[in-house]
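See below for the structure under consideration.
The values are calculated or read from the model by the stated rules, or taken from the named source; none is laboratory data. From a predicted model like this one, the values you see are computed outputs, not experimental measurements. Note that each Cβ is placed from the backbone with ideal geometry, even for glycine, and that neighbours are counted across all protein chains shown.
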Amino acid sequence: MRVGIVGVSGYTGLELIKLILTHPTFKLTYLATTAGDNMVESIHPALQDVITMVIEKASVDDIKLHCDVVFLALPHKASMGFAKKLWDCDVKVVDLSADYRLLQETYEKYYCSHEDASNAHKGIYGLIEYYRDDIKSAKLVASPGCYPTATLLGILPFIPYIDTNAPLFVDAKSGVSGAGKSCTETTHFVSINDNIFAYNPLKHRHAPEIMEKIADIYGVDINVHFVPHLVPMTRGELVSIYATLKSDIDPIEVLKNHYANEPFVRIREKPVDTKSVSGTHFCDIYAARDGNALFVSSSIDNLLRGASSQALAAANIMCGLEENAGLPRLAYVP
């Protein structure tokens with residue numbers, strides 16, 4: 001099947017290239033950026049002698065001509081500019097931006113005005129374990145980012161057992177690659193080296209996304225207090241969640257039963273770490289309780305399970321392939 005990637009200059013675009021090059025069915029036929037006029041091995045020197053391919057200036061007509069599936073690895077707002085023109089063709093779309101993840105009202109409150117209002121609600125949320133059946137017939141999958149993925153996979157099994165009148169507290173820590181390829185004041189080496197800090201505490205726009213998906217899956221409203229941190233490592237994400245129980249449960253047994261048939265969710269008997277999932281599609285989860293206090297911790301590779309490999313899994317399902325086709329399982333250890 002012919003596959004295109006729009007937005008190949010960033011980290012998620014690079015990860016998608018690497019995944020598709022070893023995929024048993026997908027074949028790269030189109031690479032593009034908004035600027036174009038380059039070679040992929042020039043933008044990503046690690047790909048020299050691995051792949052030689054021209055990066056085109058992104059064009060909807062070229063996507064329709066060369067692709068059966070296209071990944072939009074673009075920032076929010078930029079992505080909808082392409083997606084809104086692809087609804088009427090046979091190309092399946094996996095969007096890695098936030099443009100189709102949320103209800104329009106929520107999106108416009110935290111991002112910007114939506115240019116594709118008539119289709120804003122039509123994207124299927126790409127959290128595989130919970131929306132698998134809907135993804136099978138999806139035209140466009142809105143692939144979730146790293147923070148909502150790690151948080152939702154960790155807390156969703158416990159929603160029936162927690163007091164939803166009490167807030168969820170989410171302490172999330174991500175490697176610097178999650179901030180994107182462009183250098184900023186906070187991602188500059190002298191700022192992040194030997195340092196750790198919170199950003200947008202209690203105001204981050206992933207909090208309403210987490211709340212919206214809990215409500216969608218379980219029909220309950222719960223307040224989420226979300227605090228992300230940037231830590232001095234390249235990749236990886238660790239999320240710690242604190243909730244109040246209303247039921248007497250064994251947290252590990254709840255997790256094992258809930259994810260018994262999910263091969264890429266691993267339940268750990270000890271607190272999780274980021275190194276064990278780095279380079280993989282796995283999400284590792286651990287949970288413990290003290291009385292009515294519940295602690296849940298989940299870890300993922302922010303660039304893979306939190307972005308590119310999750311998008312690839314969605315594309316596999318959309319195209320009727322084995323869900324695990326091309327998904328990485330071997331961690332970057334030691």
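The table that follows gives values for the structure above.
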read-out	value
Filter result for Asn38 (within 12 Å of Leu140 (Cα to Cα) and either of a type outside the set (Lys, Arg) or crowded, with 16+ Cβ neighbours inside 10 Å (or both))	no
Where Ala311 falls short, out of the listed (1) assigned by TED's automatic domain parsing to the domain that holds Lys181; (2) within 26 Å of Ser177 (Cα to Cα)	(1)
Phe158 vs. criteria over 13 Å from the mean Cα position of the chain (by Cα), assigned by TED's automatic domain parsing to the domain that holds Leu255 and at pLDDT 95 or above	yes
Out of Thr12, Thr34, Thr29, sole residue that is β-branched (Val, Ile, Thr) and closer than 24 Å to Arg305 by Cβ	Thr12
Of the criteria (1) within 19 Å of the chain's Cα centre (by Cα); (2) without any contact (Cβ under 8 Å) to a residue 12 or more places away in the chain, which one His229 fails	(2)
Pairs, first over 10 Å from Ile17 (Cβ atoms) and assigned by TED's automatic domain parsing to the domain that holds Leu28 in region 38-50, second crowded, with 17+ Cβ neighbours inside 10 Å and of a type in the set (A, V, I, L, M, F, W, C), C-beta under 6 Å, six or more apart	Asn38/Ile55; Glu41/Leu47
Subset tally (residues that are over 18 Å from Val69 (Cβ atoms), touching a residue at least 60 places away in the same chain (Cβ under 8 Å) and not hydroxyl-bearing (Ser, Thr, Tyr)) for region 83-112	5
Residue count for region 153-171, restricted to those that are surrounded by 23 or more Cβ atoms within 10 Å (Cβ to Cβ) and part of a strand (DSSP E or B)	2
Long-range neighbours under 8 Å by Cβ, at least six apart or interchain, first residue farther than 18 Å from Ser308 by Cβ within region 267-292, second outside any loop (DSSP other than H, G, I, E, B) and at pLDDT below 95	none
Set Thr29, Thr25: member being over 19 Å from the mean Cα position of the chain (by Cα) and part of a loop (DSSP other than H, G, I, E, B)	Thr25
Residue check for Asn261: farther than 23 Å from Met233 by Cα, at pLDDT 95 or above and not hydrophobic (A, V, I, L, M, F, W, C)	yes
Pair list, Cβ under 9 Å, 6 or more apart: region 310-334 residue among the β-branched types (Val, Ile, Thr), other residue not in a loop (DSSP other than H, G, I, E, B)	Ile317/Ile128; Ile317/Arg132; Ile317/Ile135; Ile317/Lys136; Ile317/Val141
The one condition in (1) surrounded by 16 or more Cβ atoms within 10 Å (Cβ to Cβ); (2) without any contact (Cβ under 8 Å) to a residue 40 or more places away in the chain that Glu115 fails to fulfil	(1)
Within region 184-198, tally of residues that are part of a loop (DSSP other than H, G, I, E, B) and surrounded by fewer than 13 Cβ atoms within 10 Å (Cβ to Cβ)	7
Any hit, region 4-16, residues being free of Cβ contacts under 8 Å to residues at least 60 places away in the same chain, among the hydroxyl-bearing types (Ser, Thr, Tyr) and not in a loop (DSSP other than H, G, I, E, B)	no
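Matching residues to (1) touching a helix residue (DSSP H, G or I) at 6+ places or on another chain (Cβ under 9 Å); (2) farther than 26 Å from Arg266 by Cα:
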{"residue": "Leu153", "(1), (2)": "yes, no"}
{"residue": "Asp163", "(1), (2)": "no, no"}
{"residue": "Gly175", "(1), (2)": "no, no"}
{"residue": "Pro201", "(1), (2)": "no, yes"}
{"residue": "Thr234", "(1), (2)": "yes, no"}
{"residue": "Val239", "(1), (2)": "yes, no"}
